[in-house]
Every structure is written in C-alpha cells, then in structure tokens.
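One structure is given below, encoded as structure tokens.
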Amino acid sequence: IHSPFGQVLKAIRENEPRAVSLGYKVEQYKLAAFVMSAALAGLAGGTKAIVFQLASLTDITWQMSGEVVLMTLLGGLGTIFGPVVGAFLVVTLQNYLAGTQLPVTVVTGVIFVICVLLFRRGIVGEIGALIKGKG
C-alpha cells in the first residue's frame, strides 16, 4: 500500500480523473492490478488442486466470490491477517454448522450482520485500533 504503485492505485480508487490529470496511465495501472490479482488467484487455485488432488466446480460459483468478500469484511479490509482470520472463522463455522440442523447460510448471514454492526473495521482492524489506542 505504501509503495509508489500502491499509492497510485489508491489515488485511482479515490479520484480517477485526478490521477489522469496527474499524468498516470490509469488503464495500465488497472490492468496491472487485475493481472496480479488473477495471477494470485490462479496460483491459489492451482495450489489447492495440487494439495487436495481434486479440482471441484464448487470453487468457481458466484457464491464462492461472495464468500471471499464475506471473509475479507469479517476479518478486516486493508489488513494483512484480516482475510485469513475471516476465512478461518467462516470455514470453521460452516464445518461446525454442517453437523447441526441449523441453516448454514442464515446463521452465517446473521453473524456477518452482527460483526459488521459491532466491528466496523473487521475483527483484526478493531483489535489493531484497540492496541493503538492503548499504546
């Protein structure tokens, strides 16, 4: 985020016309960010297929994209460990609820709404803010 490339991406996100007026080639930066994102996603998917020796179609549904966003928001957007914590919580919750009669998606949705209302920066973001506030 603090690198020159990251700063340009933040500038594009905040005010794209201003970034264009400053002389940045916005389309090239967007393309580079997209390519890096796709490369990391492909690496993760390939690694998962190698580790589990299975390539399932359940990983390429639109619901999985929503789950990734859910995991990121729960853990904390803009943090390093936030999405990891969010993924751990969501997967653990799904595995636990699979053995019960409770509807998994409804319970996950309720917990998501509660976390969004209570933890505006995500779980890791709120913990970081508490540590910074006390220190």
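Okay, here's what the table says:
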quantity	calculated
Options Val69, Val35: the member that is closer than 17 Å to Ile111 by Cα and assigned to a helix (DSSP H, G or I)	Val69
Residue in the stretch 106-113 that is under 28 Å from Ile1 (Cα atoms), without any contact (Cβ under 8 Å) to a residue 60 or more places away in the chain and surrounded by 15 or more Cβ atoms within 10 Å (Cβ to Cβ) present	yes
Residues that are without any contact (Cβ under 8 Å) to a residue 12 or more places away in the chain and surrounded by 15 or more Cβ atoms within 10 Å (Cβ to Cβ), drawn from the stretch 120-135	Ile127
Enumeration of residues in the stretch 111-125 that are under 16 Å from Met71 (Cβ atoms) and either assigned to a helix (DSSP H, G or I) or not assigned by the TED database to the domain that holds Glu67 (or both)	Ile111, Phe112, Val113, Ile114, Cys115, Val116, Gly122, Ile123, Val124, Gly125
So Gly78, is it open to solvent by less than 80 Å² (accessible area, probe 1.4 Å), of a type outside the set (Phe, Trp, Tyr) and on the phi > 0 side of the Ramachandran plot	yes
Among (1) open to solvent by 80 Å² or more (accessible area, probe 1.4 Å); (2) more than 24 Å from Gly122 (Cβ to Cβ); (3) in a helix (DSSP H, G or I), the one test that Tyr24 misses	(3)
Selection within the stretch 80-110 - assigned to a helix (DSSP H, G or I) and over 18 Å from the mean Cα position of the chain (by Cα)	Asn95, Tyr96, Leu97, Ala98, Val104, Thr105, Val106, Val107, Val110
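Residue-wise test of (1) in the same structural domain as Ile1 (by the TED database); (2) more than 24 Å from Glu126 (Cβ to Cβ); (3) among the hydrophobic types (A, V, I, L, M, F, W, C).
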| position | (1), (2), (3) |
| --- | --- |
| Gln28 | yes, yes, no |
| Gly42 | yes, yes, no |
| Gly45 | yes, yes, no |
| Glu67 | no, no, no |
| Met71 | no, no, yes |
| Pro83 | no, no, no |
| Ala87 | no, no, yes |
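The values are calculated or read from the model by the stated rules, or taken from the named source; none is laboratory data. Everything numeric here is computed off the predicted structure, so don't read it as measured data. No Cβ is skipped: glycine too gets one built from the backbone with ideal geometry, and neighbour counts run over all protein chains shown. Areas reflect the complete protein model, heavy atoms only, side chains present, ligands, DNA and RNA absent. Shrake-Rupley method; radii C 1.70, N 1.55, O 1.52, S 1.80 Å.
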